[in-house]
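**Student:** Right, I'll just put the structure down here and ask away after.
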Amino acid sequence: MEESGGTGPGAHPGAEAPGAYDAVVLAGGASQRLGGVDKTALRVGGRTLLDRVLRACRGAGRTVVVGPRRPTVHPVTWTREAPPGGGPVAALAAALPLTSADTVVLLSGDLPFLDAAAVRTLLGALAAAGDDVDGAMFVDGTGRDQPLVAAYRGESLRRGTALLAVEYGGPGGLAGLPLRLLTAELRLVRPGAGETFDCDTWEDLATARDRIREHGHVLDEWLAAVKEELGLDTEVDTRVLLDLARDAAHGVARPAAPLTTFLVGYAAGRAGGGPEAVAEAARKVTALTERWAEETAGEGRPQP
């Protein structure tokens with residue numbers, strides 16, 4: 001049964017223009033190597049694996065999640081495969097009637113590092129390949145196809161699942177079929193090794209949690225988590241704010257740094273929000289901190 005709508009308090013529209021594609025996220029697996037727990041509800045960087053995937057495809061016109069209904073930050077349409085736990089082909093067949101876009105991005109719900117840029121890469125590769133190609137699929141680091149990190153022609157998926165249903169005795173016969181039976185009949189392009197790391201084991205989960213805390217990732221991960229929690233989808237130049245915080249801390253006083261950046265955000269919000277408003281507020285306060293620092297250094301005093 002279809003159930004529509006966001007279930008989280010911070011649901012908000014995506015930053016990309018909607019309607020160019022629909023997304024299908026498979027989130028009903030048994031998670032046997034995790035002892036049967038709902039792995040899409042496990043958290044990496046304070047966000048569930050499912051919410052991390054949903055943020056990556058937030059530009060979709062409609063996102064269909066196949067699996068048990070659970071809270072999500074982004075609005076989705078829910079459905080279940082028949083029978084529940086029937087595998088990826090059955091799940092895809094349940095989701096496709098709820099999509100209408102020409103392109104369908106198909107994702108698993110346990111990809112902690114998938115982002116919107118990766119989705120755009122898949123969409124771009126499919127668009128560039130021409131109408132005679134059925135899909136664009138990432139491969140992993142060993143060159144293996146990853147059919148659950150891919151963009152497909154919606155009609156190709158519908159035709160393929162219908163043919164499999166005929167061959168295997170109706171929609172109920174799709175249960176347990178591997179996705180490769182479908183993709184083997186499709187003409188695919190492979191734009192390279194994308195971000196396909198998934199969490200199938202507790203060791204995978206620990207690796208993902210360690211990775212986001214590495215020096216090169218932790219700030220971006222933290223800011224993404226904060227924006228998700230607050231229902232924000234504005235991209236800002238964090239270097240501007242970091243430079244401002246540094247100048248306020250050094251030129252005024254250390255406690256001035258967080259207070260100053262808060263006031264910049266507040267002022268940008270009052271001005272209508274958006275990256276331009278943040279940049280303008282930061283520019284004004286940066287000039288102020290420079291003037292402040294000049295006075296502290298004694299500029300303008302007569303020389304003895």
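**Student:** Of everything in the stretch 127-166, what is in contact with a helix residue (DSSP H, G or I) (Cβ under 9 Å, 6 or more places away or on another chain) and in a loop (DSSP other than H, G, I, E, B)? Give them in sequence order.
**Tutor:** Correct list: V133, D134.
**Student:** Would you confirm, using the coordinates I've provided, whether R144 is charged (D, E, K, R) and either surrounded by 14 or more Cβ atoms within 10 Å (Cβ to Cβ) or in contact with a Phe, Trp or Tyr (Cβ under 8 Å, 6 or more places away or on another chain) (or both)?
**Tutor:** no
**Student:** Any idea which of G86, G28, G61 is in a loop (DSSP other than H, G, I, E, B) and either at pLDDT below 90 or of a type in the set (D, E, K, R) (or both)?
**Tutor:** Testing whether each residue is in a loop (DSSP other than H, G, I, E, B) and either at pLDDT below 90 or of a type in the set (D, E, K, R) (or both) leaves just G28.
**Student:** Cβ contacts < 8 Å: first residue closer than 15 Å to T286 by Cα, restricted to the stretch 260-276; second residue part of a loop (DSSP other than H, G, I, E, B) and hydrophobic (A, V, I, L, M, F, W, C), any location; separation 6+ or different chain. Result?
**Tutor:** Sorted first by the residue in the stretch 260-276, then by its partner, the pairs are T260/V252.
**Student:** A further question on this structure: Give all pairs with beta carbons closer than 8 Å in which a residue from the stretch 32-47 that is in contact (Cβ under 8 Å) with a residue 60 or more places away in the chain and open to solvent by 70 Å² or more (accessible area, probe 1.4 Å) meets a residue that is of a type in the set (V, I, T) and in a loop (DSSP other than H, G, I, E, B); count only pairs at least 6 apart in sequence or on separate chains.
**Tutor:** That search, which allows pairs on different chains as well, returns R33/T201.
**Student:** Out of the stretch 243-277, which residues are open to solvent by 80 Å² or more (accessible area, probe 1.4 Å), closer than 20 Å to E294 by Cα and not in a loop (DSSP other than H, G, I, E, B)?
**Tutor:** Scanning the stretch 243-277 gives R246, H250.
**Student:** Being at pLDDT 75 or above, out of contact with any Phe, Trp or Tyr (no Cβ under 7 Å at 6 or more places or on another chain) and among the charged types (D, E, K, R) is true for just one of D220, D233. Which residue is that? Walk me through it before giving the result.
**Tutor:** Working: D233 fails: at pLDDT 75 or above.
One residue alone meets the criteria, D220.
The values are calculated or read from the model by the stated rules, or taken from the named source; none is laboratory data. Nothing here was measured: the structure is a model prediction, and the numbers come from that model. Here Cβ is always computed from backbone atoms with ideal geometry, including for glycine, and neighbour counts include all displayed protein chains. Remember, those area values only see protein heavy atoms, side chains included, never the ligands or the DNA or RNA. Shrake-Rupley method; radii C 1.70, N 1.55, O 1.52, S 1.80 Å.
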